[in-house]
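First up is the structure itself, then whatever we jot down about it.
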Amino acid sequence: MYIMSRKHSFASKLSWKVVIITSVIFFVALATVAIFGGRIMEKKADDYIRQTMQTSILDIQGRLQQTEQTAISMGRTIEEFQHKGVMLDTARCFDLMARTVTENTFVKGAGIYFQPYFYMKDQKYAGIYVNLDKDNENLIYEWDSNESYAKDGWNYFVQEWYAQAKAEQASVWTPPYFSYMDNGEYEYTETFSYPLKDADNNFIGVLALDFSLDWLKDRLMDLRPYPNSNVAIVDDSFNIICNPLSENPYEGSSLNRALIPGLDYIFTGEEPLWQNDEEYSMMHIRKNGKGAFCILGQMFNGWNVLITCAHKDVFADMFRLWLALLAIAVLGMLLIYFSCFKTINTAAVPISQFAEAATKITDGHFDIPIPKVDSEDEIQDLGNALTYMQASVTSYISELRMTMASKQRLENELDVARKIQTHMLSTDFPTFKNIELYASSTPAKQVGGDLYDFFVTDSGVYFIVGDVSGKGVPAALLMAISIAAFRASGKKGHSAQDIVSLINETFCRSNEDMMFVTLVVGYIDAKTGKMDFCNAGHNRMVLIEPDGKATMMKEKTNVACGIMEEYPYEGEAVTLQHGSRLLVYSDGITEAENGVKELYGETRLLEWAQAHGTGRISSDKAVVNLLLGSVGNFTAGAEQNDDMTIMSISV
């Protein structure tokens with residue numbers, strides 16, 4: 001009795017097709033939205049990052065300019081007094097410096113340092129400095145004189161903030177540095193120096209304001225446009241001034257690129273391709289599937305604000321939108337699937353009835369009534385076809401009885417096929433000059449798939465040994481095709497490589513059952529002993545040399561014939577010494593099994609060949625029969641599971 005087996009219903013399959021088509025349309029639309037949406041987001045990100053750059057520069061630059069204006073204003077006041085012949089005494093200088101420090105949040109220290117013997121005729125060193133103690137908010141007053149120089153050796157004349165202002169005769173900002181505090185700590189500092197001049201425009205000293213940069217890290221962190229972006233300060237050589245993402249944000253002489261997302265892509269030894277405009281330099285970086293926006297803006301004092309933002313942060317909102325749309329799409333697809341399934345399943349009820357009727361017909365109930373359908377569509381056509389099938393099956397049963405009668409005739413034909421196969425395998429083994437040959441093939445079934453053949457030319461001998469996949473009549477027919485192609489091509493003087501290629505083409509053209517054949521084709525020149533051969537996926541040949549040494553030949557193994565049309569088969573050549581013997585065989589020899597499923601194998605074959613070398617057995621026929629006997633003794637009566645073919649050739 002036939003039992004219907006159904007993995008997927010018709011309604012399920014059709015519903016899935018509807019869902020797949022709808023999904024493709026949706027995802028194409030989603031991809032289009034993603035592309036154009038990404039461009040819009042990129043434009044908005046550009047504007048937002050530029051706005052952040054402008055805010056950052058204005059914020060940081062404003063604090064620096066405030067300090068600069070304070071120093072310039074105070075310096076001009078001191079110069080005006082000096083031009084009038086009034087020199088501020090030490091107390092008034094200290095008071096002026098103290099008010100400057102207390103009234104300016106970011107000025108941590110202020111000082112006036114004079115040229116040698118200008119402020120006091122007996123003092124080479126004359127410096128007045130006031131700074132704010134961060135721990136207790138107290139002012140610290142320092143007087144640098146000859147005595148202090150003698151005590152600690154501090155020479156302000158060689159300090160960069162003094163020497164540069166004197167050399168350039170102009171206001172200067174020093175590069176940031178770490179200033180040692182009285183509490184033993186270091187503070188990140190930048191100094192603005194204003195050169196003081198007398199009425200004759202002669203240099204008389206420097207007014208210096210120390211500008212604290214400890215606030216810079218926190219401020220840069222606040223200015224970041226996105227959570228994982230970075231706002232850093234670098235100089236014109238991209239040395240670090242402040243990188244807030246570093247463990248030591250103010251330390252290091254060169255920029256640590258790993259701490260600034262995307263920056264490493266810019267400095268790879270190539271010239272950065274900046275997108276320059278009037279204010280800032282912009283660059284979009286894409287590498288290894290990752291991207292970042294990078295913008296560079298210059299400040300008045302030579303500093304650069306560098307902002308980097310990874311694409312994953314910039315497009316985070318869009319990614320979340322895509323995920324939401326994707327979730328909606330999945331839910332929509334499920335809704336479409338179940339709606340289609342219910343609708344189609346209802347419409348397919350008659351089809352299920354037809355399937356049940358067909359099942360009963362196959363069980364022998366040929367008179368079962370077929371359901372009537374008046375839908376005037378394909379389902380009605382199916383019912384009519386089933387009715388026609390019912391009548392046809394009844395007629396077929398009658399014909400089958402007659403077919404059974406012809407079965408015996410088919411068995412007789414198989415017997416004829418076996419005889420034809422036997423006659424196709426050559427049994428006349430002549431001796432040609434100094435070449436002797438003998439072969440034998442024992443099929444595992446009534447009609448086997450192993451083959452061998454050979455023929456003699458004026459100068460040598462062609463031979464072939466092969467194994468067709470499968471057994472029975474199909475294998476025998478393909479065997480016949482192989483032998484026919486071998487004889488036709490070989491008699492035209494073709495090489496072994498060309499013969500194998502011809503057999504492969506013939507197989508591929510007439511191989512509807514996807515069968516294949518492994519084979520070895522060779523030609524031995526009787527005069528020189530040179531053997532031209534080509535192995536198409538077959539067992540390696542065994543060479544027994546004149547001294548009795550037996551080895552497996554090293555051969556180029558091509559694919560079997562019938563697998564790949566126009567495969568480029570490679571042939572090769574070897575010269576056989578006089579007195580050598582060649583054993584060509586099918587896998588039925590090496591894969592013969594005994595009662596415990598143990599294989600005869602290549603090792604036993606080589607041991608047997610070594611023990612029965614060329615000098616021990618003079619007849620190739622005896623070699624073949626003895627080897628078959630060895631295999632038979634090994635299998636010890638076990639059922640033969642494959643055809644066994646052996647060819648022995650002596651040179």
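The values are calculated or read from the model by the stated rules, or taken from the named source; none is laboratory data. Keep in mind that this is a model prediction, so the values were computed, not measured. For neighbour counting, all protein chains shown are included, and Cβ atoms are generated from backbone atoms with ideal geometry for every residue, glycine included. Areas reflect the complete protein model, heavy atoms only, side chains present, ligands, DNA and RNA absent. Shrake-Rupley method; radii C 1.70, N 1.55, O 1.52, S 1.80 Å.
Below, the figures for the structure above:
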quantity: Yes/no for A292 being open to solvent by less than 20 Å² (accessible area, probe 1.4 Å) and either assigned to a strand (DSSP E or B) or at pLDDT 80 or above (or both); calculated: yes
quantity: Residue match in segment 580-595 (condition: free of Cβ contacts under 8 Å to residues at least 24 places away in the same chain, open to solvent by 40 Å² or more (accessible area, probe 1.4 Å), assigned to a loop (DSSP other than H, G, I, E, B) and farther than 30 Å from D513 by Cβ); calculated: no
quantity: Some residue of segment 130-137 being more than 58 Å from the chain's Cα centre (by Cα), in a loop (DSSP other than H, G, I, E, B), loosely packed, with under 15 Cβ neighbours inside 10 Å and not charged (D, E, K, R); calculated: yes
quantity: In segment 7-26, the residues that are touching a residue at least 40 places away in the same chain (Cβ under 8 Å) and open to solvent by 80 Å² or more (accessible area, probe 1.4 Å); calculated: F10, W16
quantity: Residues located in segment 529-570, provided they are at pLDDT below 95, touching a helix residue (DSSP H, G or I) at 6+ places or on another chain (Cβ under 8 Å) and of a type in the set (G, A, S); calculated: G548, A550, G562
quantity: Close pairs (7 angstrom Cβ cut-off, 6 or more residues apart or separate chains): within 21 Å of H284 (Cβ to Cβ) in segment 46-62, of a type in the set (F, W, Y) anywhere; calculated: I49/F293; R50/Y280; M53/Y280
quantity: Residue match in segment 330-342 (condition: of a type in the set (S, T, N, Q) and either more than 33 Å from the chain's Cα centre (by Cα) or surrounded by fewer than 18 Cβ atoms within 10 Å (Cβ to Cβ) (or both)); calculated: yes
quantity: Segment 549-583, residues that are of a type in the set (G, A, S), touching a Ser or Thr at 6+ places or on another chain (Cβ under 6 Å) and more than 25 Å from R509 (Cα to Cα); calculated: G579
quantity: Restricting segment 418-443 to residues that are of a type in the set (D, E, K, R) and at pLDDT 75 or above, the residue that is surrounded by the most Cβ atoms within 10 Å (Cβ to Cβ); calculated: E436
quantity: Test set (1) modelled with pLDDT under 80; (2) buried (at least 16 other Cβ atoms within 10 Å of the Cβ); (3) under 32 Å from the mean Cα position of the chain (by Cα) - K287 fails condition number; calculated: (2)
quantity: Residue within segment 35-43 that is open to solvent by 20 Å² or more (accessible area, probe 1.4 Å), free of Cβ contacts under 8 Å to residues at least 40 places away in the same chain, out of contact with any helix residue (DSSP H, G or I) (no Cβ under 6 Å at 6 or more places or on another chain) and of a type in the set (A, V, I, L, M) present; calculated: yes
quantity: Near pairs, Cβ below 6 angstrom, 6+ apart or cross-chain, from segment 311-329 (closer than 21 Å to N228 by Cα) to any residue that is of a type in the set (S, T, N, Q) and open to solvent by 30 Å² or more (accessible area, probe 1.4 Å); calculated: D313/N228
quantity: Wholly within segment 145-240, strands (runs of 3 or more DSSP E) carrying at least 3 residues that are in contact with a helix residue (DSSP H, G or I) (Cβ under 6 Å, 6 or more places away or on another chain) and within 28 Å of Q115 (Cβ to Cβ); calculated: 186-197, 203-212
quantity: Hits in segment 146-159 (condition: surrounded by 14 or more Cβ atoms within 10 Å (Cβ to Cβ) and among the charged types (D, E, K, R)); calculated: none
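Conditions (1) in a loop (DSSP other than H, G, I, E, B); (2) open to solvent by 80 Å² or more (accessible area, probe 1.4 Å); (3) of a type in the set (D, E); (4) under 23 Å from G153 (Cα atoms), marked per residue:
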{"position": "R76", "(1), (2), (3), (4)": "no, yes, no, no"}
{"position": "F81", "(1), (2), (3), (4)": "no, no, no, no"}
{"position": "L96", "(1), (2), (3), (4)": "no, no, no, no"}
{"position": "I112", "(1), (2), (3), (4)": "no, no, no, yes"}
{"position": "Q123", "(1), (2), (3), (4)": "yes, no, no, yes"}
{"position": "I128", "(1), (2), (3), (4)": "no, no, no, yes"}
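Matching residues to (1) touching a Gly at 6+ places or on another chain (Cβ under 9 Å); (2) open to solvent by 20 Å² or more (accessible area, probe 1.4 Å); (3) closer than 24 Å to F94 by Cβ:
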residue	(1), (2), (3)
F192	no, no, yes
L196	yes, no, yes
I204	no, no, yes
L207	yes, no, yes
P227	no, yes, no
